[in-house]
Amino acid sequence: MGVVIAGVAEAPLVDGRLVGETVLSVQARCARAALDDAGIAFGEVDGLLTAGMWGVPGIGQMPGLALAEYLGLEPRFLDTTNTGGSSFEAHVGHAAMALEAGRCDVALITYGSTQRSLRSRSTGGNPPVLSAQYETVWGLLAPPGAYALAARRYMDTYGMTSAQLAEVAVAARAWAARNPAAMMREPITVDDVLASPMISDPLHQLDCCLVTDGGAAVVLCRDDRVPDLRSRPVRVAGWGERHTHIHIARMPDLTRSSAEHSGGDALAMAGLDVADVDVAQLYDSFTITVVLALEALGFCGRGEGGDFVGGGRIAPGGSLPLNTTGGGLSYCHPGMLGLLLLVEAVRQLRGECGDRQVAGAEVALVNGTGGVLSSNATCVLTNG
Amino acid sequence: MAEEAKPQPVEDDESAPFWAACREGRLLLQRCGACGKAVFYPRSICPHCHADALGPETGSGRGTIHSWTVSRRPAGPGWADEVPYVVALVDLEEGPRLLGVVEVDDPDEVRTGLAVEADFRGDDGPTALRWRLRQP
């Protein structure tokens, strides 16, 4: 017995914004579209997974209950694990375990954010309580400052330059140029990245992800339903997760991502190696996030990330097609990108990606990174 | 418009001794009586060996810069008058790493590995403790 992703959907954006939506309404619309894609009736959903509810205090603290009620569902499996951008890759594993254990039959993962429309993107405005009082009082930009500290340490350790790091943003933009849904599609160069305003040394503005609205949904079921499904299902072949800290001062090693462990578990479960991966979707909150994930997952050796991302390797036509939507850097970044990484991986495996389609993609690796390099969750998805 | 204040730490029973020590000019750490490691931030059990044997220890206030960044934009309105300012991770001589602001005339002076020392102001909260470069 196995588990498949049966349906996916994303919300259309206009200049990075949802039009006439709330965080609840967009999740409902995406759920409806993903279930239609799967050919599964809404009322069959008995497992619900979500994270976020950006900008919604109060009921946002119990988003699973708020969302289930809005959707008119009474789930018997509910998971609101929130590990930041990696939440949804973790949700895939949790949903798969619940499905295999018979604790639910149709699992729905949703995400929605109106952070751009509401101008609510701020993780720095929260009162410094509990363990945060030793960290957030010191004026570090949240979150770019923490990623900047990792980037600086990595550069000092391995000699990577800002120009090498910029290649991640350049490649992302080249993919976005092939994605009609991407917000930023005008090609950029390494010099453009280096000339963009410095936000938190050594990260320039174009090293940082966009701030947009967004929404998505993914539907999973056991593979015994495959004959009834409307769209080509994608197999969930492996998953893993690893969580190390919430404050950047407590990160065990600024140059090592815990994707080493989440990815190792996911690939081992799938019985595959990184060399088998045809297309990768790696969370790109910042350019450095991608470099650290590539090394941790084993696409290149320790300290080789700066060289690895150059020479067009991760750009269209390169040997490792990476973030084929344009990612958080150029497509969209609605606070948490993780669910949209999964949507794109499924579409690549189905062969639905038009100008940006990776020919013959059979194995996709999706890695979510959350918090301040705090959390990683990895999924390996395959055809057949 | 009145200048906005920096967010103040919300002191609790566990953190109050640390902030009180800052006001007295001491960097308060903990040390584990079981595994011998120094611990920051204050906790009820040791995060290394999980023993219930942590006791207070006044740290040297000396360390080295593990990594650093220059905030070119303020982390909220309270920081606007300090831009650009250096935020660094400091590896204390005792072992723990903590975040803090390094006071320098020119951010370009800052490098990973430079020695720093705590600079207590006798204030509350976010200006109670700063770091300055230490001549070797």
So which residues in region B:1-33 are within 13 Å of chain A (Cβ to nearest Cβ), assigned to a loop (DSSP other than H, G, I, E, B) and not hydrophobic (A, V, I, L, M, F, W, C), if there are any at all? B:GLU4, B:LYS6, B:PRO7, B:GLN8, B:PRO9, B:GLU11, B:ASP12, B:ASP13, B:GLU14, B:SER15
Here is a list: A:ARG222, A:ARG153, A:ARG178. Which entry is touching a residue at least 12 places away in the same chain (Cβ under 8 Å), of a type in the set (Lys, Arg), away from chain B (no Cβ under 14 Å) and in contact with a strand residue (DSSP E or B) (Cβ under 7 Å, 6 or more places away or on another chain)? A:ARG222
Name the residue that is surrounded by the most Cβ atoms within 10 Å (Cβ to Cβ), counting only residues in region A:46-55 that are over 15 Å from A:MET336 (Cα atoms) and in contact with a helix residue (DSSP H, G or I) (Cβ under 7 Å, 6 or more places away or on another chain). A:LEU48
When region A:364-384 is examined, which residues are found to be surrounded by fewer than 24 Cβ atoms within 10 Å (Cβ to Cβ) and assigned to a strand (DSSP E or B)? A:THR382
Please state which one of B:GLU93, B:GLU109 is out of contact with any Cys (no Cβ under 8 Å at 6 or more places or on another chain) and closer than 20 Å to A:PRO202 by Cα. B:GLU109
Anything in region B:88-104 that is within 13 Å of chain A (Cβ to nearest Cβ), among the charged types (D, E, K, R) and touching a Leu at 6+ places or on another chain (Cβ under 8 Å)? List them, or say none. B:ARG97
Are any residues in region A:225-236 touching a residue at least 12 places away in the same chain (Cβ under 8 Å) and surrounded by fewer than 22 Cβ atoms within 10 Å (Cβ to Cβ), and if so, which ones? A:ARG225, A:VAL226, A:ASP228, A:LEU229, A:ARG230, A:SER231, A:ARG232, A:ARG235
Yes or no: B:TRP131 under 19 Å from A:THR136 (Cβ atoms), buried (at least 16 other Cβ atoms within 10 Å of the Cβ) and more than 16 Å from the chain's Cα centre (by Cα)? no
Could you tell me whether B:GLY61 is at the interface with chain A (Cβ under 10 Å from one of its Cβ atoms) and either on the phi > 0 side of the Ramachandran plot or of a type outside the set (A, V, I, L, M, F, W, C) (or both)? no
Residues of region A:64-95 that turn out to be in a helix (DSSP H, G or I) and surrounded by fewer than 23 Cβ atoms within 10 Å (Cβ to Cβ), as a count: 8
Between B:PRO77, B:PRO56, which is surrounded by fewer than 21 Cβ atoms within 10 Å (Cβ to Cβ) and in contact with a strand residue (DSSP E or B) (Cβ under 9 Å, 6 or more places away or on another chain)? B:PRO56
Tell me, please, whether a residue that is surrounded by 19 or more Cβ atoms within 10 Å (Cβ to Cβ), among the polar types (S, T, N, Q) and under 20 Å from A:PRO202 (Cβ atoms) can be found in region A:287-308. yes
Those residues that are more than 13 Å from the chain's Cα centre (by Cα) and either more than 13 Å from chain A (Cβ to nearest Cβ) or more than 28 Å from A:PRO252 (Cβ to Cβ) (or both), I need them from region B:105-123; list them, please. B:ASP105, B:ASP106, B:ASP108, B:GLU109, B:ALA115, B:GLY122, B:ASP123
Given the criteria out of contact with any Asp or Glu (no Cβ under 7 Å at 6 or more places or on another chain), farther than 22 Å from B:THR112 by Cα and at the interface with chain B (Cβ under 9 Å from one of its Cβ atoms), does A:PRO127 qualify? yes
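Every number in this text was worked out from the coordinates using simple rules, so none of it is lab data. Keep in mind that this is a model prediction, so the values were computed, not measured. Cβ atoms come from the backbone with ideal geometry, glycine included; neighbour counts cover every protein chain shown.
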